[in-house]
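A short write-up of the structure that comes next.
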Amino acid sequence: YGMAREGLAPQALSSINIKTKTPIITTLLVSILVLIFALWLPLLTLAKLTSFIVLIIFLLVNLSLWRIKHVNKADYENSIHSINFPIIGALFCLFLIVFQIYDLVTG
């Protein structure tokens, strides 16, 4: 929805329900995708896929936080946030992603 509003995805994904203020087509597409995965994939595969996706999202969030911190460096110089917690979090996520891929390839 947000990407469609910024022009980075098809504009049809940004249509909003007037009453509920939620993106209609985007919600339907995600719901259909979740339903297909839930009915088609075995539970263990679904759990591994979910874990993999969540780790990628956490990795991207940590990298985004690190980027924001370095853009606004003057705001964070003398605070607890001057420690690179986002980089530590990103490295942990990257390690777990690599471990999951290794397990998938060798397993």
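As a length-normalised measure over Cα pairs under 8 Å and 6 or more apart, the relative contact order of the chain settles at 18 percent.
With helices as the sole contributors, the chain gives -23500 deg cm²/dmol at 222 nm; each DSSP H run of n ≥ 4 counts as -39500 (n - 2.57), and the sum is divided by every residue. Between the alpha-carbon centers of the stretch 37-76 and the stretch 5-20, tell me the distance in whole angstrom. Result: 23 Å between the Cα centres. When each of the peptides 24-32, 2-10 is scored by the mean number of other C-beta atoms lying within 10 Å of its residues, the order from highest to lowest reads 24-32, 2-10. Matching the structure-derived P(r) over Cα pairs in 10 Å bins from 0, in percent against the labelled list [x] 15, 46, 26, 9, 4, 1; [y] 14, 37, 22, 16, 9, 1; [z] 13, 25, 30, 25, 7, 0 gives the label [z]. The residues of the chain expose on average 81 square angstrom of accessible surface per residue, using a 1.4 Å probe on protein heavy atoms. Residue-wise HN-Hα couplings along the stretch 31-43, as the Karplus relation 6.51 cos²θ - 1.76 cosθ + 1.60 with θ = phi - 60° gives them from phi, are 4, 5, 4, 5, 4, 4, 4, 5, 8, 9, 8, x, 4 Hz; Gly and Pro carry x.
The values are calculated or read from the model by the stated rules, or taken from the named source; none is laboratory data. Predicted model, so just to flag it, every value in this text is computed and none were measured. Here the Cβ is made from the backbone with ideal geometry for all residues, glycine too, and neighbour counts use every protein chain on show. To get the accessible areas, we keep the full protein, side chains included, count just its heavy atoms, and leave off ligands, DNA and RNA. Shrake-Rupley method; radii C 1.70, N 1.55, O 1.52, S 1.80 Å.
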